[in-house]
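*Asks:* Questions regarding the structure given below will be posed in turn.
Nothing in this text is a laboratory measurement; each read-out follows from the coordinates by a stated rule. Everything numeric here is computed off the predicted structure, so don't read it as measured data.
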Amino acid sequence: MAQRQRHPDRIHAEEEWELFVRDTPAAPIRHIGSVTAPTAETAHDRAGRLVPEASAIWCCPAEHVARFGERTAPGLTGGGS
C-alpha cells in the first residue's frame, strides 16, 4: 500500500481527513472528498458546512484509509475516485 504524502503547502499541525456521508438514514455511505483539519471535530465542522443536508458524516484520518485499487465502469476509461 502506498504511503500518502502530505501536501507541502499544508500547515503541519493539520491532517487530511477523508469524508464519508449518508444523505438519509436508509441511503448508502458515499465518499465526498477530503478536508484538512487539526482534529476530527474540526474536520466534522468543515464537512458539515460542505454537506449540511447529510444525516451522518464520518471523518477518517487519510493515513488510515487503505486504497487497494480502482474500478472502471464498463465502457469508460480512467480510474475511480
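*Asks:* What are the ³J(HN,Hα) couplings of the range 29-41, residue after residue, when phi is run through the Karplus curve with 6.51, -1.76, 1.60 and θ = phi - 60°? Round to Hz, x for glycine and proline.
*Replies:* So the Karplus estimates, Gly and Pro as x, are 6, 9, 7, 10, x, 8, 9, 10, 7, x, 9, 4, 5 Hz.
*Asks:* Let me ask you something else. How would the range 26-69 be classified by its alpha-carbon gyration tensor: rounded, prolate or oblate, with rounded meaning a/c under 1.5 and the a/b versus b/c comparison settling the rest? It would help to have the intermediate numbers written out before the result.
*Replies:* Values: a/c = 2.24, a/b = 1.10, b/c = 2.04.
Oblate, since a/c reaches 1.5 and b/c is not below a/b.
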